[in-house]
Amino acid sequence: MHPPTEHAPDPPRIPYAPRMAIVALTALAPATWGTTYVVTTELLPPGHPLFAGMLRALPGGLLALAITRVLPRGDWWWKAAVLGALNIGALYPLLFVAAERLPGGVAATLGATQPLMVAGLAVALLHDRPTAWRLTWGVLGVLGVGLVVLGPQARLDAAGIVAGLGGTATMAAGIVLTKRWGLPTGVGPLPLTGWQLTAGGLLLLPLTVALEGAPPRIDAGAVGGYLWLGSVGGLIASTLWFRGVGRLPVGASAPLVLLSPLVAAAIGIALGESLSPLQTFGFTLALAALLAAQLNAPNPAGRVVRDRPPEARTRDQTRDDRIREGRT
């Protein structure tokens, strides 16, 4: 006999309108993250990715803990530490390194590969086999983003590419593990976000001191950039993201990250840039890939999956089987 897996059976289906509301709120997170490149390059002092990542995580995490006054219990101490290391402690500095060492287009294209990474990890950890539809649109999404943001002047920096792929991989792993573990009973998205931001920020704090030394000189623009990334781009966006990841199937949540490079491109247009016909086609293709993932994804849960003991999940599954068979 195979032991039961840690994730719970899929909850009941929910109506279309609430499902789209969950998708829309979750999409606000990657849309907000699309501002990271312009804020990093235009406002933050260069050469301090660990400091930027730490300030983006730790203050917001401590604020969330102060608001909720909820600490992890049991095995959620190490689970929160793992998720914090993946989603925050490793992801943030890697993203800042990629933003500093690569053109925005290259970094964005690397990030667009995340749905494909999530699909591969979901096979191993969630036993969720991606359909040909999902894989096809995942590839087309990367192609669309590449057409929008890559140009002939794009330079390839080895360290930047490793950082970009590493950040994408850590976030993909964080998505899949968040879906596998769900939420502990009685805990909402804000405490979970606070745990992760705090764990990731504490991980970055000694590394920042050891590797980067004294903080950089911070002017008024940098203060505004750090505040934006730590509040809207950190605590608020991460709470919306983890809430959505807990409710949506991975096939629906992962492709939403395509919004980040598309928002970055839209910011460029607002600043005076223009799109060629090929870039316009790529923009449309990436949006089509994002929408196709939502249309083809299974109906998401009507409630957040909670962490439960195997015996409780077995009892619930037996009850559900009896209901489906018409027995009480």
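The values are calculated or read from the model by the stated rules, or taken from the named source; none is laboratory data. Model, not experiment: these values are computed from the prediction. Backbone-built Cβ (ideal geometry, glycine too); neighbour counts: all protein chains shown. Calculation scope for accessible area: heavy atoms of the full protein, side chains included, ligands and nucleic acids excluded. Shrake-Rupley method; radii C 1.70, N 1.55, O 1.52, S 1.80 Å.
For the stretch 35-174, what does the relative contact order come out to in percent, with C-alpha contacts under 8 Å and a separation of six or more?
Working: 137 pairs, mean separation 49.4, N = 140.
Taking the mean separation of contacting Cα pairs over the length of the stretch 35-174, I get 35 percent.
Protection proxy ranking, highest mean first, for peptides 110-122, 275-287: 110-122, 275-287, where packing is the per-residue count of other beta-carbon atoms within 10 Å, averaged. When only alpha carbons are used to place a centre, the stretch 23-81 and the stretch 217-236 end up 11 Å from one another. The residues 232, 148, sorted by heavy-atom accessible surface at 1.4 Å with ligands and nucleic acids left out, run 232, 148 from largest to smallest.
Between residue 132 and residue 227, what length in nm is gained on full extension when 0.36 nm per residue of separation is reduced by their alpha carbon distance? Kindly include the intermediate steps, with their values, before the conclusion.
Numbers: separation 95, 0.36 × 95 = 34.20 nm, distance 4.18 nm.
Extending this stretch completely gives an extra 30.0 nm.
Normalised by 2.2 N^0.38 Å, where N is the number of residues, the C-alpha radius of gyration of the stretch 30-183 stands at 1.13. Using a probe of 1.4 angstrom, how much of the accessible area of the stretch 124-235 is carbon and sulfur, in percent? For the stretch 124-235, the apolar C and S fraction of the accessible surface comes to 74 percent. Calculated accessible area for the stretch 67-129 comes out at 44 Å² per residue, all protein chains present (probe 1.4 Å; ligands, DNA, RNA ignored).
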